[in-house]
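Here the structure is laid out as structure tokens; the discussion comes afterwards.
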Amino acid sequence: MKPDHRHELKTNELAEWLNNLPQWVKENSISIICVSAVIIGITTFYIWRIYNEREVARKQLELSSLISQLFDSQMQILKAQTQERDLSFILLQPADNLRIFARSIDDDQMAAFALIKQAEALRKELHFRQVIVPEQEVATQINQAKASYAEAIQRCSTNPSLTAMAKFGLGLCEEELGNFEAAEQIYRDITINPDFNGTVAAVQAKLRLETMVDYKPKIVFKPAPKKPAVELTRPPDTNLLTDANLDTLAANTLPEVPDANIAITPSSASETPDLSADRQDINLEVR
């Protein structure tokens, strides 16, 4: 078959198919719609999956950055304490950033972890302070931490590890408010819950139950005894060699020695002892 004739046949077939296309579409409209929907759905799914993976990776990186800021703030506070400075307040900004992050993310596990770390930051800020915190302020901030722990439990109810961690934090909050019975009940619930077996919080709760009795009494340190005052007498200034200083030093340090140049003469004969009678008595006793 000649090439020209073959090209003419193909052109006729294409023209015939185009002429019949509207009728074919009309007859197979349902099938076309279904196939198109499947293709669009598959394409959309893959696009969403790629975007979601990138978004999750970005959120994980953001959460890691917030946790690093929290750790760096704690190091700054400890370093400032060695210089007798109080920088505990710098923990409040990372805590607030963690709260905002938790409210802006749909991933429940990352949100719960951020809320737990926010609550820990609020509690640590009180512990790092170098002054006595008023009880009302302590109660207000601890209640904020309790609210964050409670919200974390709601967000991560399907994750035993995060749930146990949040419940353990609630127990610590009750201790810091002085509610030791409520704290003991929370720790006991954690230890007996089989869902929490093998979690770090379960081990911590068990240890806390065993040692919490040591934290109940308030420790009051006895003030150190006052040292007796010692009166110091200043010696004469020997740097100034004046006649008065020389006389004072001589009187205080040198013993009195009689002057050998001065002859001692009795004023009268009665002052000179008579030893002749004593010599005679001695001679008589010897004989």
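What follows draws every value from the coordinates through simple rules; no lab data is involved. Because the structure is predicted, anything quoted here is derived from the model rather than measured. In this analysis, Cβ positions are derived from the backbone assuming ideal geometry, glycine residues included, and neighbour counts consider all displayed protein chains.
With a cut-off of at most 15 other beta carbons within 10 Å, and DSSP calling the residue loop, which GluC sites (Glu not before Pro) in segment 22-124 qualify? Please list them. Those satisfying the criteria are GLU84.
Highest average first, the peptides 123-135, 105-117 ordered by how many other beta carbon atoms sit within 10 Å of their residues are 105-117, 123-135.
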